[in-house]
Every structure is written in C-alpha cells, then in structure tokens.
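No lab work stands behind these numbers, since they all come straight from the coordinates. The model shown is predicted, which means the values in this text are computed figures rather than measured ones. All Cβ positions, even for glycine, are placed from backbone atoms using ideal geometry, and neighbour counts span all protein chains on display.
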Amino acid sequence: MNKEFALKFSREWVESWNSHDIDLILSHYTEDFEIESPLAKQRFPKSDGLIKGKEAVKEYWTWGLELNPDLEFEIIDVLCGVTTISIYYLSKSSNVNVVEMMTFNEDSKVIKATVNYS
C-alpha cells in the first residue's frame, strides 16, 4: 500500500458514492466482500452488523441510498496501512464523521471494510 494509491482510490471512491451509482460504487469491491458497520447492525439487527457478499451489500446500500437521496461524502484524511487504507470523511447529509478501514486483495479490490462513526 502506498499513499499515492490510497489518495487516488479514496477520491474515486468518494466520487462514486456522491454519484449514487450503485454499480460504480460496487466496482471497488470483490464478489465475497463483507462490511462490518454499526449502521448495518441498527438497520438489520439479525446481521449482527456484518453484511457478507456483494449481492447482499448491494441490497443494503441500494436501500440506504434510497433512504438518503442527499448523501454526500467529503474526505478529511486518508491513512495507509500494509494492506489497508482508512478513509476519514464527513457524511455531509447527516453531519457525521466516519472512518472506514478497507482491506485490499492483490488485485487492489476491497475484500473487507470496517466502519466507525463519531
């Protein structure tokens, strides 16, 4: 992982979310992608906060985009790990700070994300 990749990926990732294009958003992820999020736990208590598989995540995020048509993210900072990046951003529509740590595979696709909210 290097800072150049992390910054480029983060910009593209935020642009895809801000476009609300679910297929563009999902293009960053593997088929077996999973996400752990307090919001998933709140909206789908039986999930225990973990949504597994691209199709299940697509359902979850499509529903979320429909509930939040004004969704817009703004990057605050990007941090690099060995196989991870953390994007620290503001969810402008809800005025909430978020850190999303993403783990990448060898093809530079996200295989797991963990989300933390302020």
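Our helix-only sum for the chain, with -39,500 (n - 2.57) per DSSP H run of n ≥ 4 divided by its residues, gives a mean residue ellipticity at 222 nm of -10500 deg cm²/dmol. Rounded to the nearest 20 debye, the dipole magnitude of the range 3-117 is 300 debye, with +1 charges on Lys and Arg beta carbons, -1 on Asp and Glu beta carbons, and the Cα centre as origin. Across the range 3-117, the convex hull enclosing all Cα atoms gives 93 Å³ per residue. Stretching the chain fully between LYS54 and SER19 yields a gain of 10.7 nm (0.36 nm per residue, less the alpha carbon separation). Couplings 3J(HN,Hα) for the range 78-87, derived from phi with the Karplus relation 6.51 cos²θ - 1.76 cosθ + 1.60 (θ = phi - 60°), are 10, 10, 10, x, 7, 10, 10, 10, 10, 9 Hz, where x marks Gly and Pro.
The modelled label-to-label distance for the pair LYS41/VAL96, using points 7 Å beyond Cα in the direction of Cβ, is 1.3 nm. Backbone geometry of the range 51-67 corresponds, through the Karplus equation with coefficients 6.51, -1.76 and 1.60 at θ = phi - 60°, to 3J(HN,Hα) couplings of 10, 10, x, 4, 5, 5, 5, 4, 4, 4, 6, 4, 4, x, 5, 5, 6 Hz, x marking Gly and Pro.
May I ask you to list the aspartates and glutamates whose Cα is less than 17 Å away from that of LYS92, ignoring any residue fewer than eight positions away on the same chain? Of all the aspartates and glutamates, those that pass the test against LYS92 - Cα under 17 Å, at least 8 places apart if same chain - are GLU15, GLU66, ASP70, GLU72, GLU74, ASP77, GLU100.
With the charge dipole of the range 3-117 set up from +1 on Lys and Arg Cβ and -1 on Asp and Glu Cβ about the Cα centre, the Cα lying farthest toward the positive end among the listed residues ASN105, ILE25, GLY49 is that of GLY49. Between LEU65 and SER118, the C-beta separation translates, for a Förster distance of 22 Å, into a calculated FRET efficiency of about 0.55.
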